[in-house]
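Reviewing the structure listed below.
The values are calculated or read from the model by the stated rules, or taken from the named source; none is laboratory data. Source: prediction; values computed, not measured. Cβ atoms come from the backbone with ideal geometry, glycine included; neighbour counts cover every protein chain shown.
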Amino acid sequence: MKKTFTYSSIAILLAGSYMLVSSCKNNAVVETNKDEINLANFDTTVKPGNDFFEYVNGNWLKNNPIPASEARWGSFDIANDTNVHRVYKLLTDAAADKNKTAGSVPQKTGDYFAMGLDSDKLNKEGIAPLQDELARINKVSDSKSLWEESARLMKMGSSVMFKFTVGQDDKISSKEIVRIEQGGMLLPSKDYYVDTAARMKDIRAKYVEYLSQLFWQVEPGPGNTSVTAHDAQKVLAMETDLANSAMTQIETRDVHAVYNKMTFAQLEKETPNIDWATCMNIWGLKSIDTVLVAQPEFMKKVSAAAKSYSIDDWKTYMRAQLLATEAIRYKLSDKITDINFDFWGKTMQGSKALKPRWRRSVEATNAAIGDLVGQLYVAKYFSAETKEKVHTMVTNIINAYKERINNLTWMSPETKKFAIGKLDKITLKLCYPDRWRDYSALEIKNDAYATNAFRVNEYKFNYNINRLGKPVDRTEWEMTPQMVNAYYEPTLNEICFPAGILQFPFFDANRDDALNYGGIGVVIGHELTHGFDDQGNQYDGDGNMRKWWTDADSIHYFSKLGLVIRQFDNFEMDSVHVKGKLTIGENTADLGGATIAFQALENDLKQNPEGVVKGFTPEQRFFIGFAQVWRQNARPAYIRQMVNTNPHAPANFRVLGPLANMNEFYTAFNVKPGDAMYRADSLRAVIW
């Protein structure tokens, strides 16, 4: 199931804002910031038409260095930071509650969090919480026991060999279907295994060192150093073999290429060395009629590899997957956490220091059982006023989108009718769910942190598998309320804006509309535009993947996207170029979001005019609000990883790229030929 997120494919876990909170009735909270446009943050030596990102944010960037524990630092991260502290307080109170009822939300969240804080226990245990599972891996002796353990590890949260889930059928959105995708590789993408650039070779060498150190934790001793290094090299070789048959991230953007429906019998025939019967028994499935296989060639490779590699090789591979998965989740000792941070934090993202234990425990609890944490968060911090105002803004932006569509000269009346119909059908999910997911089957105990993580993952796996054969539940949320993010889901035709993002600098119910439309308004427009980007436009108003554009309209549309692709291909940062084809969906959504939100503001100003503030017109304040949202410093290593793997462009280009295509921006800031951001009319991608 494809989801399009506002910020990152690895979503920000928590939310917050610059400002501390002021109380409101019903224990709700309203965020306020009286100095919404702080001129001290501007670099007025930069002309707006040359680099609007630097003009609005230049001094802020100079005065806000990246904290040692972070790979980047910007508006999203600062918002996240305050909510980390909020949730820390909620979880601390839950953990300290001596009278909490067994099985209650405070018990589950408080106890899970407390386990992560207990460094003495974690350090004393070391690798012990994994010993039972390592023993099961050691007992694998043949194909059947190999697939028993592989299927078991998948339930426990390790991506072993491939991904097995249940989700919507893209062409029959009312049906849940088994979905199988490439997986089983720990590095971020195919490029990290096959790219021959010096940096990628260096990362692979350090990856081998990382795995070797993890293996040594299981069997320490000077005599085992060469053995662990050999085992680590074997894991890299096996993962590289799988990667050679994997799709690139750009290739996976083709929704038709990853839609390969077949009968389960066909899958068994094409993958004869995968013991599907054994896997299904472990997963609790009796029968499957059809499956969606995103990458058939990858699955054929998995089948071939199951036979070509020895049982001992696969045991080494499974040990690596188990160890690395739990190390990444901070579920083990400080020593293992340090090993993990040295590779994933320092090497991969350039972070200088490990986050403190309390913060890691907050984020881990939120990642594991964020729905439960969300119930505590909403009870403390939800404001009905915020929800009402945001709902009004969403309605206004949808109406503005319809207006823009009706006025398009390149789209036919037939396609316009379908496009507006799709907007009419879109589901709005604002602030928090009306119905919470049932976690009564999940038990959180005080035995071991990693063991609780296994329980959570098995609960989630079983919950997902149990969807098979049932109607699609269109009320469920795929984000927690405290998250600083938003998403559009094409198979549901829905947009979601959690409470976490509805605050400064995105939104403030007490500030003028120009800044709100430039902040959360653009985010709203961004998510709506995902319904019409290069992937979303393949889905109709009911969430079914089908053709509804005329051929001529599709040609016009994709020619405009070509302008955006070429524009972003030319953006360079820290000696790496943005990948226009990888980021086209997000770049299109940014451009559409800014265009539509600006139209909504103009419509609003006709009824509620706003004057000049601090020398800026409402139109100028709109663009300032937009640029403030994306201010961010980032480490070079983080940027390199982002450009290689992330469908979002670096933050500065998310401002410069869209605005250079918007005639409204040219008018607001008098952008002229010769200015660095100026693009000739023939190069401007005016889509919506």
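Residue count for the stretch 566-586 satisfying the condition of being farther than 18 Å from residue 255 by Cα and of a type outside the set (Ser, Thr, Tyr): 13.
The set of residues in the stretch 577-612 that are among the acidic types (Asp, Glu), touching a His at 6+ places or on another chain (Cβ under 9 Å) and within 19 Å of residue 666 (Cα to Cα) contains only 590.
Out of curiosity, is residue 176 closer than 30 Å to residue 445 by Cβ, touching a residue at least 12 places away in the same chain (Cβ under 8 Å) and among the acidic types (Asp, Glu)? Criteria not met by residue 176. Scanning the stretch 231-248 for residues that are surrounded by fewer than 17 Cβ atoms within 10 Å (Cβ to Cβ) and either at pLDDT below 95 or not in a helix (DSSP H, G or I) (or both) yields 244, 248. Which one is modelled with the highest pLDDT, of the residues in the stretch 574-609 that are outside any helix (DSSP H, G or I) and not aliphatic (A, V, I, L, M)? Among those that are outside any helix (DSSP H, G or I) and not aliphatic (A, V, I, L, M), it is 579. Taking the conditions exactly as written (at pLDDT 95 or above and either assigned to a loop (DSSP other than H, G, I, E, B) or surrounded by fewer than 18 Cβ atoms within 10 Å (Cβ to Cβ) (or both)), does residue 151 satisfy them or not? Spelling it out, it is not the case that residue 151 is at pLDDT 95 or above and either assigned to a loop (DSSP other than H, G, I, E, B) or surrounded by fewer than 18 Cβ atoms within 10 Å (Cβ to Cβ) (or both). Annotation note: Cβ proximity below 6 Å between a residue of the stretch 253-275 that is outside the structural domain of residue 167 (by TED's automatic domain parsing) and a residue that is of a type in the set (Lys, Arg) (sequence gap 6+ or interchain) occurs for no pair. Exactly one residue among 254, 275, 231 is within 29 Å of the chain's Cα centre (by Cα) and of a type in the set (Asp, Glu), and that residue is 254. Of all the criteria given as (1) out of contact with any strand residue (DSSP E or B) (no Cβ under 6 Å at 6 or more places or on another chain); (2) surrounded by 14 or more Cβ atoms within 10 Å (Cβ to Cβ), the one not satisfied by residue 383 is (1). Considering (1) assigned to a loop (DSSP other than H, G, I, E, B); (2) of a type outside the set (A, V, I, L, M); (3) surrounded by fewer than 20 Cβ atoms within 10 Å (Cβ to Cβ), the lone condition that residue 131 does not fulfil carries the number (1). Do we find that residue 206 is basic (Lys, Arg) and either outside any helix (DSSP H, G or I) or surrounded by 20 or more Cβ atoms within 10 Å (Cβ to Cβ) (or both) in this structure? No, not satisfied.
Within the stretch 154-200, the residues that satisfy the criterion of being surrounded by 20 or more Cβ atoms within 10 Å (Cβ to Cβ), aliphatic (A, V, I, L, M) and part of a strand (DSSP E or B) are 166, 177, 178, 180.
Only one entry of 533, 569 meets the criterion of being under 19 Å from residue 426 (Cβ atoms) and in contact with a Gly (Cβ under 7 Å, 6 or more places away or on another chain), and that entry is 533. Would you be able to say whether some residue in the stretch 541-555 is modelled with pLDDT of 95 or more, buried (at least 23 other Cβ atoms within 10 Å of the Cβ) and either assigned by TED's automatic domain parsing to the domain that holds residue 56 or farther than 18 Å from residue 253 by Cβ (or both)? Yes: the stretch 541-555 contains one or more residues that are modelled with pLDDT of 95 or more, buried (at least 23 other Cβ atoms within 10 Å of the Cβ) and either assigned by TED's automatic domain parsing to the domain that holds residue 56 or farther than 18 Å from residue 253 by Cβ (or both). When the stretch 284-316 is limited to residues that are of a type in the set (D, E, K, R) and part of a helix (DSSP H, G or I), the one that is farthest from residue 151 (Cα to Cα) turns out to be 297.
Conditions (1) outside the structural domain of residue 595 (by TED's automatic domain parsing); (2) among the hydrophobic types (A, V, I, L, M, F, W, C), marked per residue:
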| residue | (1), (2) |
| --- | --- |
| 456 | yes, yes |
| 469 | yes, no |
| 483 | no, yes |
| 489 | no, no |
| 495 | no, yes |
| 504 | no, yes |
| 518 | no, no |
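The single residue among 437, 467 that is assigned to a loop (DSSP other than H, G, I, E, B), touching a helix residue (DSSP H, G or I) at 6+ places or on another chain (Cβ under 6 Å) and on the phi < 0 side of the Ramachandran plot turns out to be 437. Scanning the stretch 59-74 for residues that are within 11 Å of residue 350 (Cβ to Cβ), crowded, with 19+ Cβ neighbours inside 10 Å and out of contact with any strand residue (DSSP E or B) (no Cβ under 8 Å at 6 or more places or on another chain) gives a single hit, 70. Report yes if some residue within the stretch 486-498 is of a type in the set (A, V, I, L, M, F, W, C), surrounded by fewer than 23 Cβ atoms within 10 Å (Cβ to Cβ) and outside any loop (DSSP other than H, G, I, E, B); otherwise report no. No; the residues of the stretch 486-498 include none that is of a type in the set (A, V, I, L, M, F, W, C), surrounded by fewer than 23 Cβ atoms within 10 Å (Cβ to Cβ) and outside any loop (DSSP other than H, G, I, E, B). Applying the condition of being charged (D, E, K, R) and within 20 Å of the chain's Cα centre (by Cα) to the stretch 633-681 and asking which residue is surrounded by the fewest Cβ atoms within 10 Å (Cβ to Cβ) yields 635. Of the candidates 334, 342, the single residue that is more than 20 Å from residue 183 (Cα to Cα) and either buried (at least 17 other Cβ atoms within 10 Å of the Cβ) or under 25 Å from the mean Cα position of the chain (by Cα) (or both) is 342. Pull up the stretch 615-656, narrow it to residues that are charged (D, E, K, R) and modelled with pLDDT of 95 or more, then point me to the one that is farthest from residue 515 (Cα to Cα). Result: 635. With respect to residue 145, is the statement that it is in a helix (DSSP H, G or I) and of a type in the set (S, T, N, Q) true? Yes, satisfied. Counting residues in the stretch 622-630 that are farther than 18 Å from residue 593 by Cα, of a type in the set (A, V, I, L, M, F, W, C) and surrounded by 20 or more Cβ atoms within 10 Å (Cβ to Cβ) gives zero.
In the stretch 190-205, the residues that are free of Cβ contacts under 8 Å to residues at least 40 places away in the same chain reach residues that are surrounded by 11 or more Cβ atoms within 10 Å (Cβ to Cβ) and of a type in the set (A, V, I, L, M, F, W, C) with C-beta atoms within less than 7 angstrom, at least six apart or across chains, in these pairs: 204/236.
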